[in-house]
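One structure follows; several queries about it will come next.
Laboratory data are not the source of any read-out in this text; all were calculated from the coordinates shown. Every value quoted in this text rests on a predicted model; they were computed, and no experiment measured them. In this analysis, Cβ positions are derived from the backbone assuming ideal geometry, glycine residues included, and neighbour counts consider all displayed protein chains.
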Number of protein chains: 2
Amino acid sequence: MAESVIDPRVLKGFRDFLPAQEAPRRAMLEAVETCFRSFGFLPIDTPALEYAEILLGKGGGETEKQVYRFTDHGGRDVALRFDLTVPFARFVAEHRSDLVFPFKRYHIAKVWRGENTQKGRYREFTQCDFDIVGSNSAAADFEILFMIKESLGAAGAGETTVRINHRALFNRFLDGIGAGDKSVAVLRCVDKLSKIGGDAVREHLEASAGREQCARILEFINARDEGEYGVVLARLVDLCGEGEDTAYLADLHRYLKDSKTGGVVLDPSITRGLDYYTGVVYETFLDKLPAIGSVCSGGRYDNLTALYSKEKTGGVGASIGLDRLQAALEETGAKSAANEKPRAALACLDEKEAGSAQAAASVFRAKGINCEVFFESSKLTRQYILAEKKGIPWVLVKTGESFTLRDIRRRRDIEAADAEKAAGIILQNGLLQS
Amino acid sequence: MAESVIDPRVLKGFRDFLPAQEAPRRAMLEAVETCFRSFGFLPIDTPALEYAEILLGKGGGETEKQVYRFTDHGGRDVALRFDLTVPFARFVAEHRSDLVFPFKRYHIAKVWRGENTQKGRYREFTQCDFDIVGSNSAAADFEILFMIKESLGAAGAGETTVRINHRALFNRFLDGIGAGDKSVAVLRCVDKLSKIGGDAVREHLEASAGREQCARILEFINARDEGEYGVVLARLVDLCGEGEDTAYLADLHRYLKDSKTGGVVLDPSITRGLDYYTGVVYETFLDKLPAIGSVCSGGRYDNLTALYSKEKTGGVGASIGLDRLQAALEETGAKSAANEKPRAALACLDEKEAGSAQAAASVFRAKGINCEVFFESSKLTRQYILAEKKGIPWVLVKTGESFTLRDIRRRRDIEAADAEKAAGIILQNGLLQS
């Protein structure tokens with residue numbers, strides 16, 4: 001009688017990662033994390049599950065529809081986090097007295113959103129957030145900007161362009177032309193520029209702000225076409241006059257020049273839609289594949305902890321969307337940052353020698369070679385085929401103290417008098433290939 | 001009017017990790033992962049959320065009560081994973097044709113169980129699983145055993161003792177004394193030995209199996225008191241006769257000797273309770289703090305994928321309980337594996353020099369020193385205090401090309417003519433301290 005089995009499958013919008021995807025993914029995470037730490041940023045972690053009230057506030061709105069929310073065994077109204085910023089706000093409010101400000105933290109973790117699935121959109125994805133809270137200095141904004149460039153570079157993203165703008169400047173401009181009351185609608189509309197195109201934006205803006213205001217707004221946005229940061233900034237000062245915001249942007253410009261940081265443009269069309277940002281905002285595009293959208297976004301906020309504390313905590317931060325970045329790198333065929341160690345396998349000549357085989361493999365592992373041990377004493381050619389299937393470039397065949405190294409890709413053998421020499425050959429060839 | 005705020009708090013049984021806990025935690029994970037990879041194990045990842053049917057099977061039982069289960073927006077019956085083994089079974093069944101066997105994988109991730117909270121028990125915790133599927137060789141069991149020792153050593157666990165037993169041997173013994181039908185109750189009872197003590201076990205066994213069988217079972221269990229692996233094994237052969245299981249245990253003994261692996265004892269009282277193991281089982285104790293319980297457990301199973309596939313897939317694996325391990329290391333005051341890089345901070349003398357400050361700090365970062373940049377140009381003594389609060393041992397004060405290095409702990413200054421020399425001093429002192 002045939003027993004029925006449960007169909008093995010994952011939920012829509014969720015993914016398994018096989019080693020071929022997960023290994024480069026973890027290498028990217030490691031590169032990003034090493035970069036964050038090199039700037040003195042420290043790691044934190046928070047629960048995946050929180051009180052729904054904490055995550056959603058007292059309101060609800062657009063976000064609520066996407067959140068995985070349910071009642072737990074204890075009758076608590078709980079939800080899975082949908083980003084890392086809200087839990088961070090709660091974290092800072094809760095642990096304020098244990099933190100030293102300015103507090104620089106990173107948090108790399110999964111978040112969940114039950115949104116409609118489409119290309120490159122998943123219901124479970126990884127965010128890499130880095131924030132500085134408790135400093136109002138433009139130097140903090142610059143550090144985040146500098147880290148965006150450095151961490152994406154470390155992750156193997158190649159050349160990138162960070163597009164920055166200042167929320168308060170945009171709002172000051174809107175106030176100046178008498179459209180301050182339409183700020184939310186205008187920012188939301190302009191945010192869609194790259195998605196819906198200039199004509200559609202003009203149409204929407206004319207509908208919401210009228211023909212004359214629309215023309216002025218387009219003039220503001222189109223300042224980005226001036227090109228160089230300093231020229232765009234001068235044009236914006238022409239349009240809006242000097243202000244704290246333009247002084248802030250001028251400071252950033254100076255810091256960029258002093259540190260010889262390229263690939264940053266001032267783009268007054270960047271608004272970050274409905275986000276809670278109040279100052280400088282960032283979006284980052286891959287020069288090889290800008291169409292995939294921003295792979296790292298962020299900005300400055302006045303008060304992170306408003307929902308949970310009467311003390312005000314400003315800061316600035318950004319978040320790398322790892323899934324989009326990985327998809328982009330796969331599409332452009334870029335080699336991941338994977339600083340993969342050389343791999344080898346020790347052939348099995350006698351199944352009863354498993355103890356000395358592990359001891360022999362340990363010598364290679366200690367030298368930085370990831371060394372697998374084969375268990376079945378089949379013909380060597382079969383073991384070579386197994387190595388090839390597994391993508392292992394070297395098979396070690398041990399005879400007494402000496403080794404025959406099978407170079408799987410070139411189908412040739414190299415003799416080595418001992419483990420030391422064998423390891424040297426593998427390490428040298430590993431270096432030559434990379 | 002005072003606005004009300006939401007009380008910032010986490011759910012019972014859940015935890016925030018501040019940098020002081022999270023940094024050593026990530027260092028432990030990195031050490032464990034590096035070890036897994038050195039054995040040629042590859043990483044995978046699976047969704048946190050799965051169909052409840054996949055995770056719980058068609059039955060339910062004890063596990064079900066602890067699982068976070070709910071209905072999603074699409075009306076699907078879903079649950080958060082409560083371990084990494086069940087998702088792995090589903091994964092192997094689903095991707096069988098894309099995997100090369102024997103398949104060696106690791107998976108480090110969080111799992112959730114809504115069980116009663118008690119000391120050292122959380123509702124969200126991290127597991128580090130490593131398994132070999134598709135090999136019936138005792139060499140595979142030995143590799144897992146060897147990896148338990150190596151990975152815990154890498155994580156800073158100090159000396160460990162792995163206690164092993166063979167499920168089939170225990171069952172063969174029970175059959176031999178006519179107690180085969182009571183196997184489940186007996187194994188479950190014996191599994192509690194370390195928790196409830198010998199007297200309570202005797203009482204329970206007498207109640208379920210009668211006085212005579214109880215005496216025989218205790219004789220079997222007490223073989224562990226013989227001490228050395230070979231002597232215990234000889235005693236078990238006396239009690240049960242030779243079998244495939246004792247031959248298997250003899251193979252493992254040989255591999256242990258050949259590889260000079262110490263700290264492994266044969267302990268017939270280890271049963272792993274109600275787990276799905278069918279062969280060798282492992283529990284691992286810290287020599288400094290055995291009372292905290294097993295920090296790494298596992299064993300061999302006949303058929304991982306029974307629920308999802310008609311093809312049989314045997315294997316062997318183990319899982320490090322990171323939270324218990326970290327708690328134990330904190331309790332014993334053991335230094336974590338954290339191969340922490342030296343840390344420094346660049347003092348701020350002029351807020352407008354943020355650009356060149358980042359460029360200067362980059363030189364230190366590239367040399368492997370995690371270098372923070374301070375943003376506020378307060379008095380140097382205030383910046384030293386900030387560094388001390390943050391636990392940063394060095395403050396760099398840059399004048400032209402030269403640096404004054406403030407040694408925060410020893411309250412002294414060291415002069416360096418350039419960044420190269422300054423980095424050298426920090427790296428050398430870092431080495432001296434560790």
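In nm to one decimal, list the spacings between the residue A:363 label point and its equivalents in the other copies, with label points set 7 Å along Cα to Cβ, shortest first.
For residue A:363, the inter-copy label distances come out at 4.4 nm.
Follow-up question, since we're still on this one. Where a Cα-Cα gap under 16 Å defines reach, which aspartates and glutamates qualify for residue B:389, not counting those fewer than 8 residues away within the same chain?
Qualifying aspartates and glutamates at Cα under 16 Å: A:98, B:372, B:376, B:407.
If you don't mind, there's one more thing I want to ask. Once amide H atoms are placed 1.01 Å from N in the peptide plane, what residues at a sequence separation of 5 or more from residue B:282, or on another chain, have their amide H within under 5 Å of its amide H?
Amide H to amide H, under 5 Å and 5 or more residues apart or across chains, residue B:282 pairs with B:298, B:299.
Take the rotation relating chain B to chain A, measure from its axis to every Cβ in chain B, and name the nearest residue with the distance in whole Å.
Closest Cβ to the B-to-A rotation axis, residue and whole-Å distance: B:70, 2.
In addition: Each residue of the range B:205-217 in order: what ³J(HN,Hα) in whole Hz does its phi give by Karplus 6.51 cos²θ - 1.76 cosθ + 1.60, θ = phi - 60°, with x for Gly and Pro?
Working through the residues one at a time gives 5, 4, 5, 8, 10, x, 4, 5, 4, 4, 4, 5, 5 Hz.
Here's another thing I want to ask about it. Work out the mean other chain Cβ neighbour count within 10 Å for the residues of A:245-254 and drop it here as an integer.
The shielding value for this peptide is 1.
Then there's this: Could you give the distance between the Cα centres of the range B:350-397 and the range B:84-109, to the whole Å?
Each part reduced to its Cα centre gives a spacing of 46 Å.
Moving on. Using a simple spin-label model with points 7 Å from Cα along the Cα→Cβ vector, what separation in nm is obtained for residue B:64 and residue A:352?
5.0 nm
In sequence order, what are the phi-derived ³J(HN,Hα) couplings for the range A:73-81 according to the Karplus relation 6.51 cos²θ - 1.76 cosθ + 1.60 with θ = phi - 60°, rounded to whole Hz, with x for glycine and proline?
Taking θ as phi minus 60°, the curve returns 4, x, x, 7, 8, 10, 8, 7, 4 Hz for the range A:73-81.
Can you classify the range A:73-140 as rounded, prolate or oblate using the Cα gyration tensor, where a ≥ b ≥ c are the square roots of its eigenvalues, rounded means a/c under 1.5, and otherwise it's prolate if a/b beats b/c and oblate if not?
Oblate shape, in that a/c is at least 1.5 and b/c is the bigger or equal ratio.
Where Rh denotes the Kirkwood radius from the mean inverse Cα pair distance, what is Rg over Rh for the range A:223-268?
Value, to two decimals: 0.95.
Measure up A:110/B:398; A:379/B:110; A:312/B:65; A:110/B:65; B:104/B:367 against 31 Å on the Cα-Cα distance and list the ones that go over.
Long pairs (Cα-Cα over 31 Å): A:110/B:398; A:379/B:110; A:312/B:65; B:104/B:367.
Could you work out the relative contact order of chain A? I mean the mean sequence separation of Cα pairs under 8 Å and 6+ apart, divided by the number of residues, in percent.
15 percent
What is the antiparallel percent of DSSP beta bridges lying wholly in the protein assembly as shown, to the nearest 5?
Beta bridges within the protein assembly as shown, antiparallel portion: roughly 80 percent.
Just checking the output field for B:128-135: average partner chain Cβ neighbours within 10 Å of each residue's Cβ?
Counting Cβ atoms of other protein chains within 10 Å of each residue's Cβ and averaging gives 1.
A further question follows. Rounded to the nearest 500, what is chain B's calculated 222 nm mean residue ellipticity when only DSSP H runs of at least 4 contribute -39500 (n - 2.57) each, over all residues?
Value at 222 nm, helices only, nearest 500: -13000 deg cm²/dmol.
Hey, what's the Kirkwood Rh for chain B if you take every pair of different alpha carbons, in angstrom?
Taking every pair of different Cα atoms in chain B, averaging 1/r and inverting gives 25.2 Å.
For labels at residue B:417 and residue B:95 in the simple 7 Å Cα→Cβ model, what's the distance in nm?
5.6 nm
Compute the distance from the alpha-carbon center of the range A:116-193 to that of the range A:265-315, in whole Å.
A separation of 3 Å, based on Cα centres.
A further question follows. Inter-copy label distances at residue A:379, 7 Å along the Cα→beta-carbon direction, one decimal in nm, shortest first?
Residue A:379 label point versus its equivalents elsewhere: 8.3 nm.
Sticking with this structure for a sec: Suppose you put the label 7 Å out from Cα in the Cβ direction; list, shortest first and in nm with one decimal, how far residue B:241 is from each other copy's label.
10.2
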